[in-house]
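> Below is a structure I'd like to ask you about.
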Amino acid sequence: MSVSVSVTRSRRTPFIAAATIAALGMIAVPAQAHADRGAAPALPEVSASAETPSLFDDEAGGNANADDPAIWRNASDPDRSLVIATAKEGGLRVYDLDGRQVQSLPAPPPPRDGDKPGRFNNVDLVTGLRFPDGRHDVAVVSDRGRDQLRFYRIDPGRRAGPLVDVTDEAAAPLVFSSGQDEVGEQRTAYGLAAYTDRRGGRSFAVTSRRHDTRLALAELAPDARGKVGYRLVRTLTLPSSFTLPDGARWTPCGEPGELPQVEGMVVDPDSGDLYAGQEDVGIWKLDADLRSPARLIEKVRSYGVPGTWNPETEECDAGTDPGFGGRHLSADVEGLTIWRDPEDPRRDGYLIASGQGDDTFAVFDRGHRNAFVRGFRVTAGAAPGAPDGSEVCDGAAVTSAPLGRRFPNGLLVVQDGSNTPESAGPDGQPRTDTDFKFVDWGRLQRAARL
């Protein structure tokens with residue numbers, strides 16, 4: 001996610017131009033020196049304990065761009081737990097708990113000349129996926145470039161690296177596209193949340209569609225060869241326009257032809273609820289099997305603000321704010337993750353969401369009403385050489401499980417869409433620099449009084 005003014009929707013600031021927001025007195029986009037941040041209420045701050053190496057979204061960097069993390073706990077040796085993260089065209093990265101890279105896996109090449117290469121957008125884990133020979137932990141990835149899901153078995157003892165590709169190419173259909181030509185339009189698999197049904201033991205993945213409001217449910221299908229494919233079960237379409245309390249009809253502004261997309265998603269493993277973050281709208285709650293009506297439980301602050309697409313700035317010029325938005329999240333609403341209370345994991349805990357527009361995180365109760373608890377920021381550490389903070393955060397993952405000596409109270413991993421200090425390329429121009437920050441959950445608990 002870039003902090004520049006003119007950006008694409010996959011890497012962009014909120015949909016209203018920064019200058020227009022400032023004129024309206026709203027919270028500003030986190031550009032340049034975050035000039036209007038003083039208008040926002042003070043929030044608890046916590047610094048990261050570690051960060052991963054920089055990823056650079058240019059040819060020299062392999063077009064690698066940090067996006068979404070997942071945390072895998074090594075039950076037999078928690079100190080050797082891993083963070084598995086997507087790097088878009090850069091494929092997958094695997095890190096140890098110090099943030100050091102231990103493996104890099106490439107995204108697949110284009111299937112034909114002129115087609116798009118693989119572009120790994122989001123990742124989630126299925127613990128104990130049931131194969132004919134037993135259970136294995138598997139990372140599930142949405143491949144935005146090729147409109148597919150991919151699968152990687154986790155084997156911590158494997159010499160070549162803990163992840164091995166087990167995707168069954170013959171059983172990995174296009175998720176949303178009707179054919180390879182349509183894949184080229186890149187309205188493809190985007191957000192992702194994986195889960196195992198508590199009643200039947202079958203495992204599924206929910207994906208969202210880029211530039212669209214559709215969600216798709218896929219059932220995972222491991223086979224006797226150790227490969228994993230999937231079958232598409234059903235789809236559901238979320239709203240793209242809304243009736244406001246004053247009776248007016250509102251559609252979030254975006255580039256012509258693009259609908260308000262969903263990216264950040266998470267499934268509560270105990271309740272079976274899916275939380276889906278529609279970037280310019282808010283957070284939806286529905287059954288993970290996509291059979292129930294969706295309920296909008298939290299709106300972004302700019303909900304209801306009219307906008308007109310400006311092709312010169314490639315942003316939307318905002319109209320008057322009618323005051324129907326939420327109070328806790330600045331668009332885009334992005335990384336969603338669930339912290340389960342280790343003392344009562346089936347009931348207590350939090351839903352955590354990142355708000356890209358003001359570099360904050362919002363914490364909601366995991367209960368039926370999902371009441372707001374408080375917000376916080378991940379900021380730079382005070383010690384020389386300490387990690388910087390998280391800005392325009394895209395993906396996030398959390399666990400309450402103890403991860404050895406390094407994180408005995410659990411871990412929160414967040415993407416940093418604007419890593420500092422800024423690096424320059426061979427031409428002297430700034431490079432798009434992203435990475436992941438590792439936040440000690442115990443430190444966050446104390447700072448934010450969670």
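The values are calculated or read from the model by the stated rules, or taken from the named source; none is laboratory data. Quick caveat: nothing in here was measured; it's all calculated off a predicted structure. No Cβ is skipped: glycine too gets one built from the backbone with ideal geometry, and neighbour counts run over all protein chains shown. What goes into the accessible areas is simple: the full protein's heavy atoms, side chains included, and nothing from ligands, DNA or RNA. Shrake-Rupley method; radii C 1.70, N 1.55, O 1.52, S 1.80 Å.
> Residues to consider are Gly425, Gly385, Gly349, Gly323; find the one that is of a type in the set (Gly, Ala, Ser), surrounded by fewer than 16 Cβ atoms within 10 Å (Cβ to Cβ), farther than 29 Å from Ser54 by Cβ and out of contact with any helix residue (DSSP H, G or I) (no Cβ under 6 Å at 6 or more places or on another chain). Let's see the steps before the verdict.
Details: Gly425 fails: farther than 29 Å from Ser54 by Cβ; Gly385 fails: farther than 29 Å from Ser54 by Cβ; Gly349 fails: surrounded by fewer than 16 Cβ atoms within 10 Å (Cβ to Cβ).
Being of a type in the set (Gly, Ala, Ser), surrounded by fewer than 16 Cβ atoms within 10 Å (Cβ to Cβ), farther than 29 Å from Ser54 by Cβ and out of contact with any helix residue (DSSP H, G or I) (no Cβ under 6 Å at 6 or more places or on another chain) holds for just one of Gly425, Gly385, Gly349, Gly323, which is Gly323.
> Quick one: which residue in Ser354, Ser390 is assigned to a strand (DSSP E or B), among the small types (Gly, Ala, Ser), under 23 Å from the mean Cα position of the chain (by Cα) and surrounded by 24 or more Cβ atoms within 10 Å (Cβ to Cβ)?
Selected residue: Ser354, the only one of Ser354, Ser390 that is assigned to a strand (DSSP E or B), among the small types (Gly, Ala, Ser), under 23 Å from the mean Cα position of the chain (by Cα) and surrounded by 24 or more Cβ atoms within 10 Å (Cβ to Cβ).
> Right, something else. If you take the residues in the stretch 41-58 that are out of contact with any Ser or Thr (no Cβ under 9 Å at 6 or more places or on another chain) and at pLDDT 95 or above, which one is nearest to Ala448 (Cα to Cα)?
Per the stated criteria, the residue is Pro44.
> Kindly state which strands (runs of 3 or more DSSP E) lie completely within the stretch 86-153 and contain at least 1 residues that are more than 21 Å from Val413 (Cβ to Cβ).
The qualifying strands (runs of 3 or more DSSP E) are 120-131, 134-143.
> Looking only at the stretch 272-284, count how many residues are under 18 Å from Asp212 (Cα atoms) and charged (D, E, K, R).
Of the residues in the stretch 272-284, 2 are under 18 Å from Asp212 (Cα atoms) and charged (D, E, K, R).
> What pairs come out if I take residues in the stretch 428-440 that are more than 20 Å from Val46 (Cβ to Cβ) and at pLDDT 90 or above and pair them with residues that are β-branched (Val, Ile, Thr) and open to solvent by 10 Å² or more (accessible area, probe 1.4 Å) whose C-beta lies under 9 Å away, six or more apart or interchain?
Note: pairs meeting the criteria are Asp433/Thr420.
> Among the residues that make up the stretch 340-349, is at least one of them part of a strand (DSSP E or B) and touching a strand residue (DSSP E or B) at 6+ places or on another chain (Cβ under 7 Å)?
Scanning the stretch 340-349 turns up at least one residue that is part of a strand (DSSP E or B) and touching a strand residue (DSSP E or B) at 6+ places or on another chain (Cβ under 7 Å).
> Right, another one. Which one is farthest from Val262 (Cα to Cα) among residues in the stretch 357-382 that are part of a strand (DSSP E or B) and open to solvent by 10 Å² or more (accessible area, probe 1.4 Å)?
Only one residue fits best here, namely Thr379.
> Name the single residue, out of those in the stretch 399-422 being of a type in the set (Val, Ile, Thr) and crowded, with 24+ Cβ neighbours inside 10 Å, that is farthest from Tyr95 (Cα to Cα).
My answer is Val414.
> Also, quick follow-up: How many residues are free of Cβ contacts under 8 Å to residues at least 40 places away in the same chain and under 17 Å from Val206 (Cβ atoms) if we restrict to the stretch 248-279?
2
> A further question follows. Just to be sure I understand, how many residues within the stretch 281-320 are assigned to a loop (DSSP other than H, G, I, E, B), within 29 Å of Arg374 (Cα to Cα) and open to solvent by 30 Å² or more (accessible area, probe 1.4 Å)?
Going through the stretch 281-320 one residue at a time, the tally reaches 5.
> Residue check: is Asp147 more than 21 Å from Val94 (Cβ to Cβ), crowded, with 18+ Cβ neighbours inside 10 Å and in contact with a Phe, Trp or Tyr (Cβ under 8 Å, 6 or more places away or on another chain)? Give the steps one after another, and end with the answer.
Details: more than 21 Å from Val94 (Cβ to Cβ): yes; crowded, with 18+ Cβ neighbours inside 10 Å: yes; in contact with a Phe, Trp or Tyr (Cβ under 8 Å, 6 or more places away or on another chain): yes.
Yes, satisfied.
> Shifting gears a bit: Where the second residue is assigned to a loop (DSSP other than H, G, I, E, B) and open to solvent by 10 Å² or more (accessible area, probe 1.4 Å) and the first is without any contact (Cβ under 8 Å) to a residue 40 or more places away in the chain and under 27 Å from Asp115 (Cβ atoms) and lies in the stretch 142-165, which pairs have Cβ atoms under 8 Å and are six or more apart or on separate chains?
Pairs found: Val164/Asp155; Val164/Arg158.
> Taking the stretch 266-280 as the search range and keeping residues that are part of a strand (DSSP E or B), open to solvent by 10 Å² or more (accessible area, probe 1.4 Å) and out of contact with any Lys or Arg (no Cβ under 6 Å at 6 or more places or on another chain), which one is farthest from Asp67 (Cα to Cα)?
The residue in question is Val267.
> Moving to a separate point now. Considering only the stretch 168-197, state which residues are over 22 Å from Asp113 (Cα atoms), among the hydroxyl-bearing types (Ser, Thr, Tyr) and open to solvent by 10 Å² or more (accessible area, probe 1.4 Å).
Matches in the stretch 168-197: Tyr195, Thr196.
> Can you pull out the residues in the stretch 98-130 that are open to solvent by less than 10 Å² (accessible area, probe 1.4 Å), among the hydrophobic types (A, V, I, L, M, F, W, C) and over 17 Å from Thr188 (Cα atoms)?
Val126, Leu129
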